[in-house]
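This report concerns only the one structure given below.
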Amino acid sequence: MNLILSFFILSYTNFKIKDLKGTEFELDSLLEKGPVILDFWATWCAYCDEVLDILKEIQEEYKDKITIVALSWDTQKTASKIEPLVKSRGWDFIIAIDDGKKIGRSYGVLFLPTTFIITKEKGIVYKKVGYNPKEKEEIEKVFEEIFGKE
């Protein structure tokens with residue numbers, strides 16, 4: 001089964017955002033380096049940390065080939081929980097707050113977690129709503145199609 005959404009191309013929306021450290025990133029610039037995993041999450045989301053732990057494993061496996069951007073839907077009320085959670089879980093990827101859920105809305109996100117894989121050439125090639133323990137295998141199959149078997 002071909003997991004890449006090749007039967008139609010879903011375009012992505014470019015955006016600029018500052019991470020928790022104040023560094024600005026632009027999606028188009030990140031895509032120049034390779035595929036981007038874009039994950040929408042929140043500290044209050046029951047399964048979001050499970051997905052981000054999977055993405056941590058994926059990042060370790062694919063190192064310099066991919067970029068992970070985790071956009072939090074936390075509000076001012078819960079935003080203070082983000083950094084302690086990130087540190088305790090050892091997530092070492094771009095973490096930012098999707099203020100007002102603007103970016104998520106542009107991607108049609110309704111539920112958390114929602115994960116996308118985006119490539120410069122094909123746009124959105126993977127979308128997953130919710131948590132599935134087999135998500136790592138699904139993402140690896142997509143990357144096999146993108147990078148070839150290693």
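Laboratory data are not the source of any read-out in this text; all were calculated from the coordinates shown. Everything numeric here is computed off the predicted structure, so don't read it as measured data. As a convention, Cβ positions derive from the backbone with ideal geometry for all residues, glycine included, and neighbour counts pool all protein chains shown.
Coupling constants for the stretch 32-46 follow from the phi torsions by the Karplus curve (6.51 cos²θ - 1.76 cosθ + 1.60, θ = phi - 60°), and in residue order they are 5, 8, x, x, 10, 8, 10, 10, 9, 8, 7, 5, 8, 7, 4 Hz; glycine and proline get x.
When the stretch 35-147 is described by a simple charge dipole with +1 on each Lys and Arg Cβ and -1 on each Asp and Glu Cβ, the residue from Ser106, Phe147, Ser80 located farthest towards its positive end is Ser106. By the compact-protein rule of thumb, 2.2 N^0.38 Å, the alpha-carbon radius of gyration of the chain corresponds to a ratio of 0.97.
What share of the DSSP beta bridges in the chain is antiparallel, in percent to the nearest 5? In the chain, approximately 60 percent of DSSP beta bridges are antiparallel ones. Against the main long axis of the alpha-carbon atoms of the chain, helix 48-62 sits at an angle near 50°.
Using the alpha-carbon atoms, what tilt in degrees (0 to 90, nearest 10) does helix 135-147 show relative to the longest principal axis of the chain? Result, in degrees: 50.
Taken along the Cα-to-beta-carbon direction at a fixed 7 Å, the label points for Lys149 and Tyr47 span 3.0 nm. For the options Ser11, Ser80, Ser88, a Gaussian network treatment of the chain with springs between C-alpha atoms closer than 10 Å singles out Ser88 as fluctuating the most.
Relative contact order for the chain: 33 percent, from Cα pairs under 8 Å spaced at least 6 residues apart, divided by residue count. Contact order for the stretch 38-82, expressed relative to its length and based on alpha carbon pairs under 8 Å spaced 6+ residues apart, stands at 56 percent. Neighbour counts of C-beta atoms inside 10 Å place Trp73, Trp91 in the sequence Trp91, Trp73, starting with the fewest.
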